[in-house]
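Visitor: Below: one structure in C-alpha cells.
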Amino acid sequence: MPRKIIIDTDPGQDDAVAILLALASPELEVLSLTAVAGNVPLALTQKNARIIVDLAGRQTPVYAGCDRPLTRPLVTAEHVHGKTGLDGIPLPDPTHPLQPQHAVDHIIDTLRAHPAGTITLCPLGPLTNIATAFTRAPDIVPKVAEIVLMGGGYFEGGNITPAAEFNIYVDPEAADIVFKSGAPLVVMPLDVTHKALTSRPWVEGMRALGTPVGQAVASWTDFFERFDTAKYGSEGAPLHDPCVIAYLLQPALFTGRHINVEIETGSELTLGMTVADWWHVTGREPNAMFMGGVDREGFYRLLTERLGRL
Ligand code: RIB
Ligand code: CA
C-alpha cells in the first residue's frame, strides 16, 4: 500500500528534484502539491509546481496556499534560485491547471477525510501553510501520521543569516507552531543536507540519461550549485529538499537523534534559529528526529535510479 503524502513546496530547483523523486517512486502516493511563498513569490511557486508535474507527465493536483508569512513580510531567495525560481533551463508554461481551492482548506479537508495516521506531510519550504491549517483546524493535528520537513540547522549554522536556515527564517512563527504542535516530526537540517552534495560525475550522469527530466535536473543543478560553491567553496550543491523524500524511501540512509528543537522568534539577531538540544542539556521534551548524517553514495544511487524512471 503506497504511503500517502502531501508535498508543501516553494519550487525552487531542489524542491523540483524532490517532487520528481516522489513522483517516480511507487512506494509513495503523492496526493497533491501545495504551493507556498518562499524561494519566489506564490504566483511563481504555484506555476513552477505545475511545470514540474507537466515535466513528470503526471496529473498530481496543485493548490496555491499562503502568499506571505503569518506576521512578517515575505523574504525570497532569487539570488539562489533565479528570477523564475526554476532558472537553469527554459521550460514551457504549464498546461496543468491550478486547483481552485486554497491549499490550506485542501490540507484540512484531506486530513479530515482520511483515517488518522494515513497521511504524511512533507514541507519543503516555509511552514506558513501547515501552521495556518493547524491553527484553523486543530482537530487535524493528531491525524497527521508524520511531518518530514527540510529546515533548520545546528552545527552547520544558518544559510540566510548566521543563525537561521531559509525555510525557518522566512516564517519563524509558523515554524514555532509546527514544532510545538505535537505531530511526529522528522527534520532534515543543513547539518545533513550540506552533506548531500552533488558531484560532477552525478550531474553528467543525469545529462547522459538523455531524457527531459535528466536534462532539467542537470541544468537546474548547474545553476543552483553556483551559489553554494561560491559561498562555501564546496564541490557540488546541497540537494536539500530531496533528503525529505529519500528518507521516506530509505530511512536507513540517514542518522540523527530524537531531541528537543525550539524556534527563536524573539531576537532579531537569531530569528528563525532552530535551537537543537543535541546534548540533552535542557531537559525539555524531545519533539523531533533531527538528522545529522547521510550516506551520500546511497542517496545519489537512489536519486539516479528513480529519476531514470521518468
Ligand atoms: O535552505 C534551503 C531551503 O530553502 C530549501 O528548501 C530551498 O528550496 C529553500 O526553500
Ligand atoms: Ca524548498
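The values are calculated or read from the model by the stated rules, or taken from the named source; none is laboratory data. In this text, all values refer to a predicted model and were calculated from it rather than measured experimentally. So basically every Cβ, Gly included, is an ideal-geometry build from the backbone, and we count neighbours across all protein chains shown.
Visitor: Within region 256-264, identify whether any single residue is out of contact with any Leu (no Cβ under 9 Å at 6 or more places or on another chain), surrounded by fewer than 15 Cβ atoms within 10 Å (Cβ to Cβ) and small (Gly, Ala, Ser), and answer yes or no.
Guide: So far as region 256-264 goes, no, none of its residues is out of contact with any Leu (no Cβ under 9 Å at 6 or more places or on another chain), surrounded by fewer than 15 Cβ atoms within 10 Å (Cβ to Cβ) and small (Gly, Ala, Ser).
Visitor: Can you find a residue that is touching an Asp or Glu at 6+ places or on another chain (Cβ under 6 Å) and modelled with pLDDT of 95 or more anywhere in region 139-146?
Guide: Restricting attention to region 139-146, the residues satisfying the condition of being touching an Asp or Glu at 6+ places or on another chain (Cβ under 6 Å) are none.
Looking for residues that are touching an Asp or Glu at 6+ places or on another chain (Cβ under 6 Å) and modelled with pLDDT of 95 or more, one finds none in region 139-146, hence no.
Visitor: For the subset of region 124-145 comprising residues that are surrounded by fewer than 19 Cβ atoms within 10 Å (Cβ to Cβ) and out of contact with any His (no Cβ under 9 Å at 6 or more places or on another chain), which member is nearest to Leu70 (Cα to Cα)? Don't jump to the end; show me each part of the working.
Guide: At the first step, the residues of region 124-145 found to be surrounded by fewer than 19 Cβ atoms within 10 Å (Cβ to Cβ) are 135-139, 141-143.
This time we only want the ones that are out of contact with any His (no Cβ under 9 Å at 6 or more places or on another chain), so: 135-139, 141-142.
Numbers: Thr135: 11, Arg136: 13, Ala137: 16, Pro138: 17, Asp139: 20, Val141: 18, Pro142: 22 Å.
Among residues in region 124-145 that are surrounded by fewer than 19 Cβ atoms within 10 Å (Cβ to Cβ) and out of contact with any His (no Cβ under 9 Å at 6 or more places or on another chain), the one nearest to Leu70 (Cα to Cα) is Thr135.
Condition check ((1) modelled with pLDDT under 95; (2) in contact with a Ser or Thr (Cβ under 6 Å, 6 or more places away or on another chain); (3) more than 12 Å from Gly272 (Cβ to Cβ)) across all residues:
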{"position": "Val170", "(1), (2), (3)": "no, no, no"}
{"position": "Glu173", "(1), (2), (3)": "no, yes, no"}
{"position": "Lys180", "(1), (2), (3)": "no, no, yes"}
{"position": "Gly210", "(1), (2), (3)": "no, no, yes"}
{"position": "Val217", "(1), (2), (3)": "no, no, yes"}
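Visitor: Something else now. Tell me whether region 93-112 contains one or more residues that are within 21 Å of Gly266 (Cβ to Cβ), within 16 Å of ligand 2 (Cβ to nearest atom) and in contact with a strand residue (DSSP E or B) (Cβ under 6 Å, 6 or more places away or on another chain). Walk me through it before giving the result.
Guide: Filtering region 93-112 for residues within 21 Å of Gly266 (Cβ to Cβ) gives none.
So far as region 93-112 goes, no, none of its residues is within 21 Å of Gly266 (Cβ to Cβ), within 16 Å of ligand 2 (Cβ to nearest atom) and in contact with a strand residue (DSSP E or B) (Cβ under 6 Å, 6 or more places away or on another chain).
Visitor: Next up: Looking only at region 1-39, count how many residues are closer than 19 Å to Ile130 by Cβ and either within 13 Å of ligand 1 (Cβ to nearest atom) or of a type in the set (Gly, Ala, Ser) (or both).
Guide: The qualifying residues number 17.
Visitor: Does region 146-159 contain at least one residue that is crowded, with 24+ Cβ neighbours inside 10 Å and more than 15 Å from the chain's Cα centre (by Cα)?
Guide: The answer is no, given that none of the residues of region 146-159 is crowded, with 24+ Cβ neighbours inside 10 Å and more than 15 Å from the chain's Cα centre (by Cα).
Visitor: Give the residue, chosen from Ala64, Ala56, that is closer than 25 Å to Ala116 by Cα and more than 11 Å from ligand 1 (Cβ to nearest atom).
Guide: Details: Ala56 fails: closer than 25 Å to Ala116 by Cα.
Criteria check complete, one pass: Ala64.
Visitor: Within region 41-58, is there a residue that is surrounded by 18 or more Cβ atoms within 10 Å (Cβ to Cβ) and in a strand (DSSP E or B)?
Guide: Checking region 41-58: not a single residue is surrounded by 18 or more Cβ atoms within 10 Å (Cβ to Cβ) and in a strand (DSSP E or B).
Visitor: Every residue in region 1-31 that is touching a strand residue (DSSP E or B) at 6+ places or on another chain (Cβ under 9 Å) and surrounded by fewer than 20 Cβ atoms within 10 Å (Cβ to Cβ), please.
Guide: Listed by number, the residues that qualify are Met1, Pro2, Arg3, Lys4, Glu27, Glu29, Leu31.
Visitor: Further question on the same structure: For region 179-222, which positions are surrounded by fewer than 18 Cβ atoms within 10 Å (Cβ to Cβ), hydrophobic (A, V, I, L, M, F, W, C) and either assigned to a helix (DSSP H, G or I) or within 14 Å of ligand 1 (Cβ to nearest atom) (or both)?
Guide: Correct list: Ala208 only.
Visitor: Being surrounded by fewer than 16 Cβ atoms within 10 Å (Cβ to Cβ) and either farther than 19 Å from Val53 by Cβ or without any contact (Cβ under 8 Å) to a residue 12 or more places away in the chain (or both) is the filter here, so list the residues in region 82-102 that pass it.
Guide: Matches in region 82-102: Lys83, Pro90, Pro100.
Visitor: Can you spot a residue in region 103-111 that is modelled with pLDDT of 95 or more, within 17 Å of the chain's Cα centre (by Cα), crowded, with 24+ Cβ neighbours inside 10 Å and assigned to a strand (DSSP E or B)?
Guide: no
Each row is one residue, and each column tells you yes or no for (1) in contact with a strand residue (DSSP E or B) (Cβ under 7 Å, 6 or more places away or on another chain); (2) part of a strand (DSSP E or B).
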| position | (1), (2) |
| --- | --- |
| Leu74 | no, no |
| Leu91 | no, no |
| Gly117 | yes, no |
| Phe134 | no, no |
| Glu146 | yes, yes |
| Gly153 | yes, no |
| Ala164 | no, no |
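Visitor: Hey, another quick one. Tell me, yes or no, whether region 28-44 has at least one residue that is away from ligand 2 (no atom under 16 Å from the Cβ), of a type outside the set (A, V, I, L, M) and closer than 24 Å to Ala216 by Cα.
Guide: yes
Visitor: Additional query: Out of Ala49, Ala24, Ala77, report the one residue that is within 26 Å of Gly210 (Cα to Cα), under 17 Å from the mean Cα position of the chain (by Cα), within 15 Å of ligand 2 (Cβ to nearest atom) and of a type in the set (A, V, I, L, M, F, W, C).
Guide: Numbers: Ala24 fails: within 15 Å of ligand 2 (Cβ to nearest atom); Ala77 fails: within 26 Å of Gly210 (Cα to Cα).
Just a single option satisfies the conditions, and that option is Ala49.
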